[in-house]
Amino acid sequence: MKVMLLKDVYKLGRAGEVKKVADGYGRNFLLPQRLAVIATVGAMKQSDMIKAKAQVQRVAVNDELKDLGEQINGMVLDFAVRAGETGKLYGSITTQDVVNALLAKTNYQIKRHQVDMQPVRELGEFSARIRLTVDLIPSVKLTVHREGEAMEEKEVEEKPKGRSKKSTAEVETESAPEESAPEAVAEE
């Protein structure tokens, strides 16, 4: 079935384009949702007008969401989860979890179908793309770690710095304990 798109459809095309789609997809989804019409001669005459309208609308939406896209792009979302010894999660990180984390950080409601990712089922770093518009698709970084593990890693990184300070302090106080030892005895 040949249809002419009235609106931008993700992974299919932009408004005003003529596409060949499966009969069921056109009849059961595109036509009832008013995303497309059957490509007839009369509809084809309107394609330039539909393309121009869609371009104006696309620019307006992109300008509106540009700041949000810049804010989201490169954002790091941390997920502390329970996992087995092999690194497999007792559950998974889904698109809804990403939406909730983005809502908490940006105060902007994103629908879960706008998040392009597979469910995460193991520890590590992953990326997810957020489809704000057809042209505006920022990506976020997902860091999945065991509960309490990220804090331990930060402490391990800080300990070597602390040890070097202690070793310097120990060098300075090596002569001091000899002097303070007799005082401790005298106090008793």
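The values are calculated or read from the model by the stated rules, or taken from the named source; none is laboratory data. Predicted, not measured: the structure shown is a model, and the values here were computed from it. Cβ: placed from backbone, ideal geometry, glycine included. Neighbour counts: every protein chain shown.
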Completion exercise
Result of the Cβ filter at 7 Å on region 31-46, keeping first residues that are of a type in the set (Gly, Ala, Ser) and partners that are at pLDDT below 90 and assigned to a helix (DSSP H, G or I), at least 6 apart or interchain, is none
Handout entry: Selected residue (criterion: nearest to Ile137 (Cα to Cα)) from residues of region 1-38 that are among the hydrophobic types (A, V, I, L, M, F, W, C) and assigned to a loop (DSSP other than H, G, I, E, B)
Key = Leu12
Problem - region 1-37, subset more than 23 Å from Arg58 (Cα to Cα) and hydrophobic (A, V, I, L, M, F, W, C), residue surrounded by the most Cβ atoms within 10 Å (Cβ to Cβ) - result: Val21
Exercise for the section: Within region 5-52, track down each residue that is under 23 Å from Leu132 (Cβ atoms) and among the hydroxyl-bearing types (Ser, Thr, Tyr). Expected result: Tyr10
Handout entry: Yes/no for Val56 being free of Cβ contacts under 8 Å to residues at least 60 places away in the same chain and surrounded by 17 or more Cβ atoms within 10 Å (Cβ to Cβ)
Key = no
Handout entry: Verdict on Ala80 being hydrophobic (A, V, I, L, M, F, W, C), under 23 Å from Lys141 (Cβ atoms), surrounded by 11 or more Cβ atoms within 10 Å (Cβ to Cβ) and touching a residue at least 40 places away in the same chain (Cβ under 8 Å)
Key = yes
